[in-house]
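> Could you have a look at this structure, given as structure tokens, before my questions?
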Amino acid sequence: DAASTKAYVVSNPPSDWIANTEDSQWIAPAADPQSEPLPAVGFYKYRLTFDLTGFDPANAFVTGNTAAYEGLHDIYLNNVLVPGYRRAGAGASFAPFTLNSGFKAGLNTLDLMVFNTSTPKATGLQVQGLKIGAKVGSATTASLAISLSGSQVKLSWPASATGYVLQSASAVGGQYANDAAPTVAEGDQLTV
């Protein structure tokens with residue numbers, strides 16, 4: 001079905017394709033890519049979506065090895081072509097790929113495009129050793145300002161610094177607990 005959005009695991013790949021392993025198996029537009037009707041001529045896109053929320057996209061990476069029958073046409077990261085990965089007739093061996101840029105905060109997409117050429121024939125993709133990673137995003141640091149307003153001590157910090165809790169104690173070495181004093185917004189600052 002040329003309009004299908006499904007990929008199927010190929011249990012018995014054709015003999016000229018790399019064998020499946022327990023860690024990596026062929027996927028294709030049909031569970032048996034050699035059965036009639038054969039997959040149509042055209043592009044087959046295999047998409048992986050991953051979330052980098054809380055991670056630094058400038059330090060993200062994706063790496064792995066691909067085998068594609070009739071060959072890997074292109075790799076796209078977030079709908080942008082990653083040059084240098086086109087490979088024809090590559091069903092019998094793996095080729096490595098590494099992406100180190102083009103990531104964004106939140107959801108990302110990795111598209112592996114396979115092109116079935118000239119006449120309907122078996123087509124599929126196998127990815128081995130896929131790794132996706134990134135450094136944990138850096139926390140926003142807040143500067144705490146202390147000033148005297150009449151006889152009152154005033155504490156303020158940037159409103160953009162989230163996840164912080166103001167605590168107080170009756171003595172420096174005392175038992176600290178969350179402070180119940182109301183927080184007031186003053187421009188781009190929060191104050192107590």
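> Just to be sure I understand, how many residues within the stretch 133-151 are among the polar types (S, T, N, Q), at pLDDT below 85 and either surrounded by 10 or more Cβ atoms within 10 Å (Cβ to Cβ) or more than 23 Å from residue 104 (Cα to Cα) (or both)? Full working, then the answer.
The first filter runs over the stretch 133-151 and keeps only residues among the polar types (S, T, N, Q), leaving 138, 140-141, 143, 147, 149, 151.
Imposing the further condition that a residue be at pLDDT below 85 reduces the set to 138, 140-141, 143, 149.
Imposing the further condition that a residue be either surrounded by 10 or more Cβ atoms within 10 Å (Cβ to Cβ) or more than 23 Å from residue 104 (Cα to Cα) (or both) reduces the set to 140, 143, 149.
Residues that pass the stated criteria total 3.
> For the stretch 82-107, enumerate the residues that are in contact with a strand residue (DSSP E or B) (Cβ under 6 Å, 6 or more places away or on another chain) and aliphatic (A, V, I, L, M).
82, 88, 90, 95, 99, 107
> Continuing with this model, one more query. Out of 63, 53, report the one residue that is assigned to a strand (DSSP E or B), loosely packed, with under 15 Cβ neighbours inside 10 Å, hydroxyl-bearing (Ser, Thr, Tyr) and under 20 Å from the mean Cα position of the chain (by Cα). I'd like the intermediate steps shown before the answer.
On the way: 53 fails: assigned to a strand (DSSP E or B).
One residue alone meets the criteria, 63.
> Could I ask something else about it? All but one of (1) under 35 Å from the mean Cα position of the chain (by Cα); (2) more than 30 Å from residue 7 (Cβ to Cβ) hold for residue 116, so report the exception by its number.
Going through (1) under 35 Å from the mean Cα position of the chain (by Cα); (2) more than 30 Å from residue 7 (Cβ to Cβ) one by one, residue 116 breaks only (2).
> Is it true that residue 12 is part of a strand (DSSP E or B) and of a type outside the set (A, V, I, L, M, F, W, C)? Reasoning before the result, please.
Details: part of a strand (DSSP E or B): no; of a type outside the set (A, V, I, L, M, F, W, C): yes.
Taking the combined requirement at face value, the residue does not satisfy it.
> For the stretch 19-70, which residues satisfy the criterion of being under 17 Å from residue 112 (Cβ atoms) and touching a Gly at 6+ places or on another chain (Cβ under 7 Å)?
Within the stretch 19-70, 26, 27, 28, 33, 61, 64, 65, 67, 68, 69, 70 qualify.
> Here's a follow-up. Which one is most open to solvent (accessible area, probe 1.4 Å) among residues in the stretch 2-49 that are closer than 12 Å to residue 122 by Cβ and of a type in the set (Asp, Glu)?
That would be 36.
> Select from the stretch 76-98 the residues that are modelled with pLDDT of 95 or more and open to solvent by less than 20 Å² (accessible area, probe 1.4 Å) and list them in ascending order.
Listed by number, the list holds a single entry, 77.
> Inspect the stretch 142-158 for any residue being part of a strand (DSSP E or B), over 26 Å from residue 43 (Cα atoms) and aromatic (Phe, Trp, Tyr) and give the result as yes or no.
First, the residues of the stretch 142-158 that are part of a strand (DSSP E or B): 145-149, 152-158.
Subsequent filtering for residues that are over 26 Å from residue 43 (Cα atoms) retains 145-149, 152-158.
Now restrict to residues that are aromatic (Phe, Trp, Tyr): 157.
Within the stretch 142-158 (the criterion being part of a strand (DSSP E or B), over 26 Å from residue 43 (Cα atoms) and aromatic (Phe, Trp, Tyr)), the answer is yes, since at least one residue qualifies.
> Regarding the stretch 114-132, can at least one residue be identified that is part of a strand (DSSP E or B), at negative phi, surrounded by fewer than 16 Cβ atoms within 10 Å (Cβ to Cβ) and not polar (S, T, N, Q)?
Looking for residues that are part of a strand (DSSP E or B), at negative phi, surrounded by fewer than 16 Cβ atoms within 10 Å (Cβ to Cβ) and not polar (S, T, N, Q), one finds at least one in the stretch 114-132, hence yes.
> Hey, another quick one. Can you pull out every residue in the stretch 29-50 that is assigned to a loop (DSSP other than H, G, I, E, B) and modelled with pLDDT of 85 or more? Even if it seems obvious, please write down each step before you answer.
In the first step, residues of the stretch 29-50 are kept if they are assigned to a loop (DSSP other than H, G, I, E, B); the result is 29-41.
Result: 29, single match.
> Right, something else. Please determine, by comparing only the residues of the stretch 177-192 that are outside any strand (DSSP E or B) and charged (D, E, K, R), which one is least open to solvent (accessible area, probe 1.4 Å). Lay out the reasoning, then the answer.
Going through the stretch 177-192, the residues outside any strand (DSSP E or B) turn out to be 179-183, 187-188, 192.
Next cut, charged (D, E, K, R) only: 179, 188.
Working: 179: 59, 188: 111 Å².
Going through the qualifying residues, I end up with 179.
> Condition test on residue 105, is it small (Gly, Ala, Ser), assigned to a loop (DSSP other than H, G, I, E, B) and surrounded by 14 or more Cβ atoms within 10 Å (Cβ to Cβ)? It would help to see each step written out before you state the result.
Details: small (Gly, Ala, Ser): yes; assigned to a loop (DSSP other than H, G, I, E, B): yes; surrounded by 14 or more Cβ atoms within 10 Å (Cβ to Cβ): yes.
Answer is yes for this residue.
The values are calculated or read from the model by the stated rules, or taken from the named source; none is laboratory data. Keep in mind it's a predicted model, so treat the numbers as computed, not measured. Cβ coordinates were reconstructed from backbone atoms using ideal geometry, including for glycine residues, and neighbour counts include every protein chain displayed. We work out accessible area using only protein heavy atoms, side chains counted, and drop any ligands, DNA or RNA first. Shrake-Rupley method; radii C 1.70, N 1.55, O 1.52, S 1.80 Å.
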